[in-house]
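The values are calculated or read from the model by the stated rules, or taken from the named source; none is laboratory data. Bear in mind that the values here come from a model prediction, so they are computed numbers and not experimental data. For neighbour counting, all protein chains shown are included, and Cβ atoms are generated from backbone atoms with ideal geometry for every residue, glycine included.
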Amino acid sequence: MSRIAYVNGAFLPHSDAAIHIEDRGNQFADAVYEVWAIRAGGLLDTEGHLKRLGRSLGELRIRKPMTDAALMAVLYETVRRNRVRDGLLYLQVSRGCAPRDHCFPGEHVGPTVIVTVKRTNTRAANEKAEKGVSVITIPDIRWGRRDIKTVSLLPNALAKQAAKEAGAAEAWLIDPDGTVTEGSSSNAWILTKENTLVTRAASQSILNGITRQAVIAAAQGDRITFEERAFTRDEALDAREAFITSASAHVTPVIRIDGQPVADGEVGPVALALRWSYLAAAHQNSAVPHKRQAGPLVARPAKRRIG
Ligand code: PMP
């Protein structure tokens, strides 16, 4: 079945979907985006993504293209037309299209909205999580407002490519002070030898992941001690477990950093337990119109001992 994209009010074949060359997203990276996981036809963590989208738009003074309810209708219609059950939805909103000029265009220029969806292989993702992934570390060369989810992703793309070339799944970005800020497209976590879960506090230095926020809630539900603070690469190498979180990776254990094993180099139980706690809760929080789900989202494995 051919893919369908949404562009400014129209549903178009993916191959014909286009925006103008003078769109400000194209010329100035003057655009924000969100990525939702689609599971069993539902969009996970709907409210969190909508809230962060509103915040990103507000910080950049880009006009909201439509109400949240109208936007959700567009997102679900795109999912429906593509008949995607498990996958990812990409939404991008730019300041709009205007003759090239650094200053913002006048009020008559409205935002450009595009939505695409793609299928993902849930089984392969689960297998990857069961095996764990490697990360490399690389200097964080991004701008000072990483809390805004803009499409200005060149440093992130360079970092991810470096990871790929090193045979790793992700790059952890290192601040000049030697601490890990986050991954190129994920948040970074460790579980210390004292069984304290640690992730960097939300600030302008990182993107406050929606999965990050949901995993914090899941950890609290699972009664795991939790601390928001920065940590170094060496602390991560010395940790009991490490993992990454994002809408696409959910919770994925990290077993090697720069070629060196985290603890014994095996996937730990806490990261996997959090993956299932997160998915179960996210499914509860997903908005699925018309009750299109069939069966449970996840078959939670037998409870593992934590710690
Ligand atoms: N940090 C960065 C730089 C990211 O690109 C992402 C993925 N969008 C995340 C963190 C994780 O955010 P989320 O959990 O909302 O996907």
Practice task
Scan ASP140, ASP147 and give me the residue that is within 12 Å of the ligand (Cβ to nearest atom), buried (at least 19 other Cβ atoms within 10 Å of the Cβ) and either within 30 Å of VAL270 (Cα to Cα) or not assigned by TED's automatic domain parsing to the domain that holds ARG24 (or both).
Solution key: ASP140
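Could you tell me how many of the residues in the stretch 251-272 are surrounded by 14 or more Cβ atoms within 10 Å (Cβ to Cβ), in a loop (DSSP other than H, G, I, E, B) and out of contact with any helix residue (DSSP H, G or I) (no Cβ under 8 Å at 6 or more places or on another chain)?
Step one: filter the stretch 251-272 for residues surrounded by 14 or more Cβ atoms within 10 Å (Cβ to Cβ), giving 251-258, 262-263, 267-272.
Right, trim to in a loop (DSSP other than H, G, I, E, B) and you get 258, 262-263, 267-268.
Still in the running and out of contact with any helix residue (DSSP H, G or I) (no Cβ under 8 Å at 6 or more places or on another chain): 263, 268.
Total meeting the criteria: 2.
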Problem - Filter pass, THR122 being within 14 Å of the ligand (Cβ to nearest atom), of a type in the set (Ser, Thr, Tyr) and closer than 26 Å to VAL267 by Cα - result: no
Exercise for the section: Would you check which residues across the stretch 150-184 are surrounded by 21 or more Cβ atoms within 10 Å (Cβ to Cβ), within 12 Å of the ligand (Cβ to nearest atom) and in a loop (DSSP other than H, G, I, E, B) and list them? Expected result: SER184
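Condition check ((1) in a helix (DSSP H, G or I); (2) closer than 19 Å to ASP68 by Cα; (3) charged (D, E, K, R)) across all residues:
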position	(1), (2), (3)
SER2	no, no, no
TYR6	no, yes, no
ALA18	no, no, no
ILE21	no, no, no
GLN27	yes, no, no
GLU34	no, yes, yes
ILE38	no, yes, no
GLY48	yes, yes, no
LEU53	yes, yes, no
Exercise for the section: Report yes if some residue within the stretch 237-250 is within 30 Å of ILE38 (Cβ to Cβ), outside any strand (DSSP E or B) and among the hydroxyl-bearing types (Ser, Thr, Tyr); otherwise report no. Expected result: yes
Practice task
Write out, first by first residue and then by second, each pair whose Cβ atoms fall under 9 Å of each other, whose residues are 6+ apart or on separate chains, and whose first residue, in the stretch 230-247, is outside the structural domain of LEU191 (by TED's automatic domain parsing) and crowded, with 19+ Cβ neighbours inside 10 Å while the second is of a type in the set (Asp, Glu) and not in a helix (DSSP H, G or I).
Solution key: none
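Suppose we filter ALA218, ALA201 for residues that are within 14 Å of the ligand (Cβ to nearest atom), surrounded by 18 or more Cβ atoms within 10 Å (Cβ to Cβ), touching a residue at least 12 places away in the same chain (Cβ under 8 Å) and not assigned by TED's automatic domain parsing to the domain that holds GLY41; which single one remains?
Of ALA218, ALA201, the one residue that is within 14 Å of the ligand (Cβ to nearest atom), surrounded by 18 or more Cβ atoms within 10 Å (Cβ to Cβ), touching a residue at least 12 places away in the same chain (Cβ under 8 Å) and not assigned by TED's automatic domain parsing to the domain that holds GLY41 is ALA218.
If you check THR196, THR192, which single one turns out to be free of Cβ contacts under 8 Å to residues at least 40 places away in the same chain, more than 16 Å from the chain's Cα centre (by Cα) and away from the ligand (no atom under 11 Å from the Cβ)? Talk me through it step by step, then tell me what you get.
On the way: THR192 fails: free of Cβ contacts under 8 Å to residues at least 40 places away in the same chain.
Of THR196, THR192, the one residue that is free of Cβ contacts under 8 Å to residues at least 40 places away in the same chain, more than 16 Å from the chain's Cα centre (by Cα) and away from the ligand (no atom under 11 Å from the Cβ) is THR196.
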Completion exercise
Picking from LYS128, LYS149, the residue that is more than 26 Å from ALA273 (Cβ to Cβ) and under 18 Å from the mean Cα position of the chain (by Cα) would be LYS149
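So which residues in the stretch 74-106 are free of Cβ contacts under 8 Å to residues at least 40 places away in the same chain and either at positive phi or surrounded by 13 or more Cβ atoms within 10 Å (Cβ to Cβ) (or both)?
ARG80
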Fill in the blank from the handout: GLY54 meets each of (1) within 15 Å of the ligand (Cβ to nearest atom); (2) crowded, with 16+ Cβ neighbours inside 10 Å with one exception, condition (2)
Practice task
Go through the stretch 68-91 and count every residue that is part of a loop (DSSP other than H, G, I, E, B) and either in the same structural domain as ALA247 (by TED's automatic domain parsing) or of a type in the set (A, V, I, L, M) (or both).
Solution key: 1
Exercise for the section: Report, by residue number, each residue of the stretch 201-242 that is more than 19 Å from THR181 (Cβ to Cβ), polar (S, T, N, Q) and modelled with pLDDT of 95 or more. Expected result: THR225
